[in-house]
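Single-structure report; data block below.
The values are calculated or read from the model by the stated rules, or taken from the named source; none is laboratory data. Quick caveat, the model's predicted, so the values are computed rather than measured. For neighbour counting, all protein chains shown are included, and Cβ atoms are generated from backbone atoms with ideal geometry for every residue, glycine included. To get the accessible areas, we keep the full protein, side chains included, count just its heavy atoms, and leave off ligands, DNA and RNA. Shrake-Rupley method; radii C 1.70, N 1.55, O 1.52, S 1.80 Å.
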2 protein chains.
Amino acid sequence: MSDLLTGPVEVVGAGLLGTSIGLACRRAGVQTFLHDLSAEHLRTASGLGAGRPRRPDDRPQLVVVAVPPDHLGSEIVAALRRTDAVVTDVGSIKSEPLQTVGEQLPDLLARYVGGHPMAGSERSGPLAASAALFDGRPWAITPHDEATPHAVSLVEELVRVCGAVPVTLDPGEHDRAVARISHLPHLLAVLVAGRLADAPDSHLALSGQGVRDVTRVAGGDPALWEQIVRHNAEALRGLLAEVREELDALQNALSDGDRDVLGALLARGVAGTEAIPGKHGGPAHAMRSVFVSVPDHPGELARLFADAGVAGVNIEDVHIDHDPGRPVGLVELLVEEARAEHLLASLESQGWITHR
Amino acid sequence: MSDLLTGPVEVVGAGLLGTSIGLACRRAGVQTFLHDLSAEHLRTASGLGAGRPRRPDDRPQLVVVAVPPDHLGSEIVAALRRTDAVVTDVGSIKSEPLQTVGEQLPDLLARYVGGHPMAGSERSGPLAASAALFDGRPWAITPHDEATPHAVSLVEELVRVCGAVPVTLDPGEHDRAVARISHLPHLLAVLVAGRLADAPDSHLALSGQGVRDVTRVAGGDPALWEQIVRHNAEALRGLLAEVREELDALQNALSDGDRDVLGALLARGVAGTEAIPGKHGGPAHAMRSVFVSVPDHPGELARLFADAGVAGVNIEDVHIDHDPGRPVGLVELLVEEARAEHLLASLESQGWITHR
C-alpha cells in the first residue's frame, strides 16, 4: 500500500507496459481503470486482473499514458484536458511529448511529468504483461521546470509501487541516453538478424547462445520500433555515424590485416561491457580475499570448489598462485566480506589449510 | 562409457574448451592427458579433474587440439607427427588448418578430422570450464575426402561423449556459416559496446536487459577474437559489406523519414530471429489447440492461467476470440498434443467449460 499513491490510477493503453502497470498497482492494492482503442486488449488486460474498464465519471488521481510514440503527445494532452489528475507517460522518447504539451496546453503543463521504465523488450501485448515486469529495473523520470513538486513525487511513488528504481534526468539527456543504450543496440541487433532470414539451413544449424543473445531484441514489434526509431532519429544520428566510421575501419583493418586496429576495436568492446552497471545499479558489496593451500594433485581444485559450495558462499573470483618449485598452490577466493569468516571456518572444518 | 572412444584422449591446450573436453571425458570414464604451454593452466586444469599432465610415453587413441587460431595448423601437424592417434581440433575456423595439414603432411591427412563445438563465448581459461559446456550444443564436424571412416566415427563419438549434437558440413561451408552466426554477431556486439566505454553515467544508468544481451559476447577475450576474425576475414568480407549497405540505407531512411525502408528493415530482423532453430535443433513437438470459455469479468483470464498452471502443462501460445456481442470469450491454448487431454481434464475438474 502507498500513503501517497492512494489511487485510482487510470492507464491509457493496455499493451505490455500499461497492463503490467495495472497489475503492479493492483498488487499494491491501488484501484486501477483501463482504456484501450482495442476492445480485445481491454478485455484481455481486465481479464488478467490489471483493472476494470474506465467509465466517464471516474476521477483518477494519476493517469499513466502507455501508447506508442505516434500518439503519445496527443494522449497526454487529452488526459490533461479530460481529468484534473497528475499525468505521466511511459513512452520511449521524452522531449517530443513534452514539446507537444508545452505548445498545446502550456497552462496545464505543471500536472505532467514524463517517465520511461526500462523494462520489457521483444514481447508485446497484454498477454505478455506481468506485475513483476519492473522489479529492480531503472525507470527514468524526466521532470521539467514547471512541474509541481506534488506531480513529481506522485510519479516517483508510482515507480516505487511498481518495484522499479527511479533515475532522474532531463528529457533531452534521456533521449540521448536511450539512443545509446537501447535504440542503437536494437538497430544493430536487427542488422545481425537480417543476415539470418534467408540463411542456408546448414549455417543456422550451428547457431549457439551468442547469436541468440545478440538478436533477441530484434524480435520486437516492428511497428512499434519503427515509431520509436523515427521519433528519436536526431539522437541516433551521431551514434549511427560513429558506428559507420568504426565499421569502415574494421573492414579496412581486415583487408589490410591490421592487427592493431582490430585489437583496439575489440578491446574497446570489452571496456564497454565493463561499463554497464551491476544489475541494480547500486554499489557493490565489500569483498575480501581468503587464501587456501591446495596440493598439486589432479582434482584437488575441484574438491575445494565443491567444499566451498557446501559452505553456501558465492565465490566471485578466483586467482591461483602456482610457485613452480612448490607442490602446493595458493588459491585466492574473492567473496563478500560478510561471508568470509563463515567460508574459512567451513573449509577448515573440512580439512583445508587456510590463511587470513 | 563408450565402446568406440576407449581412450586415452590427449588434449592440447588447457583453456576453456580443452579443459571442458577433459572434464567431459573424465565424466564418461575416459582417461585424459593434458598439455599446455602455460604451466599454470595445466596445473589448474588438472586440479579441476580434467586429466593428468601428458608424458612422453603416452599413447593416446585421440588427440584434441584446442589452441587459438594462430597455432592451430602447426599443432595439428605436430600431433599427427608425434602420435599415431586420430587427431581432431576445436578451432573456430576449418579451411585453413586443413590446408596447412594438406600442404605439410599430406600422407597423414587421413588421420585428421576437424571439428568445432558451438559452446562457450565470452568466458575463457580453465577456471571457466565445465563438463556440461557442450550439452545439447551443436558441434560441427568437417571431414575431408581423405579422412578414414574410423577417424570420422571417432570424432563423432567424442561429440556424443561430450553431450553435443554433431552437425556435418564441409570446411568452407563451416567458415561461411560461423562468419554469419558467430563472428558477425560478435563484431556488431563490439560496435554497440564500443559506444558504452566512455558513455556518461546518466546514460549507463538506464541500461536494461536488452543492451546487456546484445553486448554480452563482446566481453570475450580480445586476443582470441582478434585471431578468429583475422583468420576468417574472407568469409566475413561479404557479410560486412551487406551490413554496411543496410546501415547506409538505415541512416538515409532516418534522415528522409522513410517509414517503408525502416519498417522493412525491422521486419527482416524479426524474420531473422524466427529463422534460428529451436534449442536442440530438432523438430518441434506436434501441437494442438484446446478451447476454453472464459467469462468477461476482471481477473478471469488470470484464473484460467493459474488453473492451467496447476495442470502442469506448458502453454506455448494463446489466442483470444472476443465476440463484442457476447459476455463470454473463447480462449485458444496451444499445447503439446500429448498433453492436451490431461489439460482439458484438469481444467474441466476445476469448473471450466472446454471445447475439443
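Miscellaneous remarks
- Accessible area buried at the A-B interface, both sides summed, 1.4 Å probe (Å², nearest 100): 9700 Å²
- Within-13-Å neighbourhood charge of residue B:61 [Cβ basis; K, R +1; D, E -1]: -3
- Radius 14 Å from Cβ of residue A:104, net charge of other residues (Lys, Arg +1; Asp, Glu -1): -1
- With both labels modelled 7 Å from their Cα along Cα-to-Cβ, the residue B:223 to residue A:6 distance reads 6.5 nm.
- Each residue of the stretch A:125-141 was assigned a 3J(HN,Hα) from its phi angle through the Karplus expression (A = 6.51, B = -1.76, C = 1.60, θ = phi - 60°), giving x, x, 5, 8, 6, 7, 5, 9, 4, 9, 4, x, 8, x, 9, 6, 10 Hz with x at Gly and Pro.
- Degrees separating the helix B:149-161 axis from the principal Cα axis of chain B, which is the longest one: 50 degrees
- Cα gyration tensor of the stretch B:1-149 - equivalent ellipsoid semi-axes, whole Å, descending: 22, 16, 15
- Simple label model, 7 Å out from Cα along Cβ direction - residue B:242 to residue A:287, nm: 4.0 nm
- Near the amide H of residue A:65, within less than 5 Å, lie the amide hydrogens of A:12, A:88, A:89, A:90, all on another chain or at least 5 residues away, with H placed in the peptide plane.
- Principal-axis tilt of helix B:69-82 within chain B, Cα atoms, nearest 10 degrees: 50 degrees
- Here is the size of chain A from its Cα atoms: Rg then Dmax, 26.0, 84 Å.
- Chain B: most fluctuating residue of B:96, B:274, B:157 per GNM, C-alpha cutoff 10 Å: B:274
- Kirkwood-based shape ratio for the stretch A:64-208, expressed as Rg/Rh from alpha carbons: 1.07
- Within the accessible surface of the protein assembly as shown, defined with a 1.4 Å probe on protein heavy atoms only, the carbon and sulfur portion equals 51 percent.
- Dipole magnitude for chain B: about 1080 debye, using +1 per Lys or Arg Cβ and -1 per Asp or Glu Cβ, origin at the Cα centre.
- Rounded to 10°, Cα long-axis angle of helix A:16-27 versus longest principal axis of chain A: 90 degrees
- Note on chain A: GNM, Cα springs under 10 Å; of A:16, A:62, A:265, the largest mean-square fluctuation is that of A:265.
- Residues losing 30 Å² or more accessible surface upon assembly, the stretch A:122-161, compared with the chain by itself, 1.4 Å: A:127, A:137, A:138
- Residue-normalised accessible area of the protein assembly as shown, expressed per residue, 1.4 Å probe, Å²: 41 Å²
- Label point 7 Å beyond Cα along the C-beta direction, distances from residue B:277 to other copies (nm, shortest first): 4.2
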